[in-house]
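A short worksheet on the structure shown next.
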Amino acid sequence: MEFGIFENQLSHLNPPFTRILGFRRSPDVILRMEMERSMSLFQMMVNEGLVPSAEEEMKRRNAIDKLKKIVVEWVKTVTYQRGLPKKYLKFASGTILTYGSYGLGVYNSESDIDALCVGPYFATIAEDFFIVLHNMLASRPEVSEIHCVKDAKVPLMRFKFDGISIDLPYARLKVISIPENVDVFNPFFLKNIDDTTWKSLSGVRANRSILHLVPNIEIFQAVLRCIKFWAKRRGVYGNLLGFFGGIHLAVLSAFICQRHPSASLSALILLFFKTFGLWPWPTPVILQETIARPFIPADKVSWMPIQLPCSPYEFCHSNITRSTFYKIRTEFLRGHMLTKDMLRPDFDWNILFEPFPYARRYGLFVKIFLSACDKDELGDWVGWIKSRFRSLLVKLEELLGFCDPNPTEYVDTDASEPNVIFYWGLPTGRSDLIDADLVEEYFLKSIDNGYQGATGKMKLSVVKANQLPKKAQFAFERKNTKPCWRVVDDNRKKTNPQSKYKPHCADKYLPTNDSPEYPSAGG
């Protein structure tokens, strides 16, 4: 998108829209200041490394292309092994469909790729996917750290391909050949599919529905990048810990873009916080206005119901609890209070994206120490524990009334075994109401059933704020990835690899030459 499109969008700001924003200034002044705010916001995104370079885009595209070729070869191999007629060999095929942050076009250099393997009816998940395809991938020099996650709600393989982390679930359609870009909404392909396939397809279907429904894809992508960055900085990102996942934020961002198709990037951020800070939860957020409001059974009512755009009867899976609802709502209102004065001369985007001050906000923390014999075992163990975190969070709420599960993962480099540590904020002065040993015993009972990997260790304790680590790294923003086994000095100036050049996509948002008449504001 060329920068001139920004000007065109801003020129459509009419008096009713300016009244929504609450600003009583001339349209020309608002146009100029809106342009400045959008420019400075995008520049901040570039500085933070949220916008991938052309090299990063090409690296991921090549990885997906190679993976598609492997899948096609895999399907033909299975066709031969199954002893199917030779004529099937010519037509039998599979494909790869992307979704998540990559599928929506909002990934960065650190993001993984959510890729769905789609195969024909005769390629089974137990034997052909988890054994034959696994072995084919493991034999490739580009693939490393491959392992199977069979006990997840959506079974998948996880590996690195040319250094890029990839999550690969499997969908099995009742056909012989899968078109390269198969239509996941076509009833012909969805007929008689199993429950696992349906769940695996939901991510792709949701992504494509969102991109079809938003009025301007590039503006939507910019909004979603900002909102995801905000959610991670403010500690409200992570579905397993009771906060928002990527699909929740994508639907909320699309909802705002759909309602205000002519608004600028900065205005959409303002409207995002105003809308959801004042939203009458648990009224569901429904992206498509043409779909009737669904009936939600009493036992399915969520704190913040958000409808999946690909189905009128399904909602985004949510682990939100009373505590995390309060935290999210508080952060929405904070965002609203900060952005409602966006046109003030001293407005600064950096304040909106300040990291949440856990050590200053809470005096006590529950420390969750997880360890295992090696890194691979720890990755599986931590993933399993995180999938059961909601029960621990609800138990702490019962005892203390509130708990803030900080998604940041820390590492104790002095410990002999690979480890990950969580510190969850607790109400100050209420340590007498919690027996850490009893809570640990309760949680261990809740995680006993279903885990098939090597069991690691877990220890719960209550610590004070001054016992938090002085140096720690936000180990991984990506979901389901293993932690970095190092601790970084947080006093050292951060060097951003993206700051040494301007990504080619910056031209979509920024003018080619700086204008002295309209200096960037709030950057």
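Summary of values
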item: Residues being out of contact with any Lys or Arg (no Cβ under 8 Å at 6 or more places or on another chain) and open to solvent by less than 70 Å² (accessible area, probe 1.4 Å) - total across the range 350-363; result: 6
item: The range 358-393: number of residues that are part of a strand (DSSP E or B), at pLDDT 95 or above and touching a Pro at 6+ places or on another chain (Cβ under 8 Å); result: 1
item: Residues of the range 69-90 that turn out to be part of a helix (DSSP H, G or I), touching a residue at least 40 places away in the same chain (Cβ under 8 Å) and more than 30 Å from HIS212 (Cα to Cα), as a count; result: 8
item: Every residue from the range 163-199 that is more than 19 Å from VAL72 (Cα to Cα) and open to solvent by less than 70 Å² (accessible area, probe 1.4 Å); result: GLY163, ILE164, SER165, ASN186, LEU190, ILE193, ASP194, THR196
item: The range 382-399, residues that are more than 18 Å from GLY245 (Cβ to Cβ) and either in contact with a Leu (Cβ under 6 Å, 6 or more places away or on another chain) or in the same structural domain as LYS327 (by the TED database) (or both); result: LEU399
item: Test: residue in the range 68-75 that is at pLDDT 95 or above and acidic (Asp, Glu); result: yes
item: Every residue from the range 108-143 that is more than 16 Å from LYS66 (Cα to Cα), in a loop (DSSP other than H, G, I, E, B) and open to solvent by 20 Å² or more (accessible area, probe 1.4 Å); result: ASN108, SER109, GLU110, TYR121, THR124
item: Of all residues making up the range 394-413, the number that are more than 18 Å from the chain's Cα centre (by Cα) and either among the polar types (S, T, N, Q) or assigned to a loop (DSSP other than H, G, I, E, B) (or both); result: 6
item: Scan of the range 418-442 for residues that are under 15 Å from ILE368 (Cα atoms) and open to solvent by 40 Å² or more (accessible area, probe 1.4 Å), ordered by number; result: ASP435, ASP437, LEU438, GLU441, TYR442
item: Matching residues in the range 229-273 - criterion: being buried (at least 21 other Cβ atoms within 10 Å of the Cβ), more than 30 Å from ILE421 (Cβ to Cβ) and not aliphatic (A, V, I, L, M); result: SER253, PHE255, CYS257, SER264, SER266, PHE272, PHE273
item: Those residues of the range 210-228 which are surrounded by 21 or more Cβ atoms within 10 Å (Cβ to Cβ), in a helix (DSSP H, G or I) and hydrophobic (A, V, I, L, M, F, W, C), in sequence order; result: ILE210, ILE219, PHE220, ALA222, VAL223, LEU224, CYS226, ILE227
item: Cross-chain or 6+ apart pairs with Cβ under 6 Å, the range 248-275 first and under 17 Å from LEU41 (Cβ atoms) and among the polar types (S, T, N, Q), then part of a helix (DSSP H, G or I) and open to solvent by 10 Å² or more (accessible area, probe 1.4 Å); result: SER264/GLN9
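Residues checked against (1) surrounded by 14 or more Cβ atoms within 10 Å (Cβ to Cβ); (2) within 19 Å of ASN406 (Cβ to Cβ); (3) modelled with pLDDT of 95 or more; (4) out of contact with any helix residue (DSSP H, G or I) (no Cβ under 8 Å at 6 or more places or on another chain):
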{"site": "GLN307", "(1), (2), (3), (4)": "yes, no, no, no"}
{"site": "CYS310", "(1), (2), (3), (4)": "yes, no, no, no"}
{"site": "ILE320", "(1), (2), (3), (4)": "yes, yes, yes, no"}
{"site": "ILE328", "(1), (2), (3), (4)": "yes, yes, yes, yes"}
{"site": "LYS340", "(1), (2), (3), (4)": "yes, no, no, no"}
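To keep it simple, each residue is scored yes or no on (1) at pLDDT 90 or above; (2) among the basic types (Lys, Arg); (3) in contact with a Cys (Cβ under 9 Å, 6 or more places away or on another chain).
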residue: ASN8; (1), (2), (3): no, no, no
residue: PRO27; (1), (2), (3): no, no, no
residue: LEU41; (1), (2), (3): yes, no, yes
residue: GLY49; (1), (2), (3): no, no, no
residue: GLU57; (1), (2), (3): yes, no, yes
residue: TYR80; (1), (2), (3): yes, no, no
residue: LYS86; (1), (2), (3): no, yes, no
residue: LEU89; (1), (2), (3): no, no, no
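The values are calculated or read from the model by the stated rules, or taken from the named source; none is laboratory data. What you are looking at is a predicted structure, and each value in this text was computed from that prediction instead of being measured. A quick note on method: Cβ atoms are made from the backbone with ideal geometry, for glycine too, and the neighbour counts reach across all protein chains shown. Note: accessible area is taken over every heavy atom of the protein model, side chains too, but ligands, DNA and RNA are not part of it. Shrake-Rupley method; radii C 1.70, N 1.55, O 1.52, S 1.80 Å.
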